[in-house]
Amino acid sequence: MYINNLPHYVLYNICKYLSFIDIINLSKTCKQLYILIEKDNYFWMILIQNHFGSKLYQRYVNEIFQNKKNSNYVLYRTEKDIRKFEKYFRRYSEFQMCNIWLLNVLNSKDNSDGYIAHKSIVEQNQRPRTNELKMSLTIEELFESYFNKNKYLNKENILQISIYKLIYFYFIESKRLLGVDLFAIDLSCTRNHRHCPVQKYLNHEYDSNSLTGRCVRLYSIRSGYLAGIKGKFKSILPGIYEIICRIKLDKNNEYLTYYNERCSRNHALEKNVEGYFYALADYGLDCECDGKKMNFDWFESNYLLHGNTNWYNETMGKIKVFELSDIYFGFRIKLDYGYRNILFDYIQLNIIE
């Protein structure tokens, strides 16, 4: 029997065991397979169900394009809400926008978008206007997300691609940002905003076991205070995402003397180290992992488990996105006095059910 004569359900089952690249290569073998793979929405719908399960299939095939947009009222995005948030925002000086950690993470020096998103989430958590926020996406927004990431796509050629092929590809593509591509959070702006670093890049360290051979070191001392790193994922589709940071812990003997001097004055400082991670979506909720988790016991137990040579994945939490969004995030360690350090390789979003 020729492959052209095989029923479609047999081809669906064959492709269930193929990678994305293998499927694309298969589409080049004959006209029938090309039409089936490149033009048939149902083909990609079946692959989504086979590869990612019924829950994600239900969300991204049966629900997300049918759901109506959440109203500005339930999202705290009415004109009245935004005017109120803008009023609060204008109370901060430029100096505060640089030196308050959260405002710095939200790029408040550039615009109020991140701050408004944060205030909307705070209001939703404290005084929800509905108990049922839905995930929704239009086809135009799906196209927009690809235009933002791929300069070779345009309105003409993207219409030739099945929308469910785009969804499938979104599932398998890496949603990852490298530490070496992030920005430092520098809280050294001076009064009247006179000596403010416009954009400070991080110092890189070489590590052959990191993803690219380079990583960044997070620590804090009074004379050279690095208040962490920040970044932004762009054009993230609605969904529930697990946030993973690939990190490594280290005890920096360069600052051991300084650390011991501080602790000799106050023995309570020996267990004062704190890590902090925060992320929020433009149109979604936030994710926080604070010093209650990333504390002295967390550091010492993971240092004992992994040592200072092994990278491992630390789960920061989950974040829910309701509409096409950017996701802001920041990560820092403090009260370590330069001794207990976190080396940062990358941050990654994983779609979960």
Margin query: Looking at the range 140-163, can you tell me whether even one residue there is surrounded by fewer than 17 Cβ atoms within 10 Å (Cβ to Cβ), at pLDDT 90 or above, not in a helix (DSSP H, G or I) and not acidic (Asp, Glu)?
Written below: no
Item checked: Only one of 301, 208 that is under 19 Å from residue 178 (Cβ atoms), open to solvent by 40 Å² or more (accessible area, probe 1.4 Å) and free of Cβ contacts under 8 Å to residues at least 24 places away in the same chain -> 208
Margin query: Of all residues being assigned to a loop (DSSP other than H, G, I, E, B) and in contact (Cβ under 8 Å) with a residue 24 or more places away in the chain in the range 164-187, which is nearest to residue 325 (Cα to Cα)? Just the residue, please.
Written below: 174
Note to self: Which of the numbered conditions does residue 320 fail, given that it passes all the others? Conditions: (1) part of a strand (DSSP E or B); (2) in contact with a Leu (Cβ under 7 Å, 6 or more places away or on another chain); (3) surrounded by fewer than 15 Cβ atoms within 10 Å (Cβ to Cβ).
What the structure shows: (3)
Checklist line | Number of the exception - residue 271 against (1) crowded, with 16+ Cβ neighbours inside 10 Å; (2) out of contact with any strand residue (DSSP E or B) (no Cβ under 9 Å at 6 or more places or on another chain); (3) among the basic types (Lys, Arg) | finding: (1)
Next item on the list: Only residues that are open to solvent by 20 Å² or more (accessible area, probe 1.4 Å) and either assigned to a loop (DSSP other than H, G, I, E, B) or on the phi > 0 side of the Ramachandran plot (or both): list them for the range 111-137, please.
Entry: 111, 127, 128, 129, 130, 131, 132, 133, 134, 135
Checklist line | Complete set of residues in the range 45-80 that are among the β-branched types (Val, Ile, Thr) and more than 23 Å from residue 353 (Cβ to Cβ) | finding: 74, 78
Next item on the list: With a cut-off of at least 2 residues that are modelled with pLDDT of 95 or more and out of contact with any Asp or Glu (no Cβ under 8 Å at 6 or more places or on another chain), name the strands (runs of 3 or more DSSP E) lying wholly within the range 188-281.
Entry: 239-251
Next item on the list: State which residue pairs qualify: first residue open to solvent by 20 Å² or more (accessible area, probe 1.4 Å) and inside the range 242-263, second residue of a type in the set (A, V, I, L, M) and assigned to a helix (DSSP H, G or I) in any location, beta carbons under 7 Å apart, and separation of 6 or more residues or different chains.
Entry: 262/269
Check: Any idea which residue in the range 304-316 is most open to solvent (accessible area, probe 1.4 Å), counting only those that are closer than 22 Å to residue 181 by Cβ and not in a loop (DSSP other than H, G, I, E, B)?
Finding: 313
Note to self: Only one of 263, 289, 245 is over 18 Å from residue 348 (Cα atoms) and not hydroxyl-bearing (Ser, Thr, Tyr). Can you tell me which?
What the structure shows: 263
Next item on the list: Please list, ordered by first then second residue, the pairs with beta carbon atoms under 8 Å, 6 or more apart or interchain, first in the range 29-47 and under 15 Å from residue 10 (Cβ atoms) and without any contact (Cβ under 8 Å) to a residue 24 or more places away in the chain, second in a helix (DSSP H, G or I) and hydroxyl-bearing (Ser, Thr, Tyr).
Entry: 37/27
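The values are calculated or read from the model by the stated rules, or taken from the named source; none is laboratory data. Treat the numbers as computed from the prediction; the structure is a model and nothing was measured. Don't worry about glycine lacking a Cβ; one is built from the backbone with ideal geometry, like all the others, and counts go over all protein chains shown. Calculation scope for accessible area: heavy atoms of the full protein, side chains included, ligands and nucleic acids excluded. Shrake-Rupley method; radii C 1.70, N 1.55, O 1.52, S 1.80 Å.
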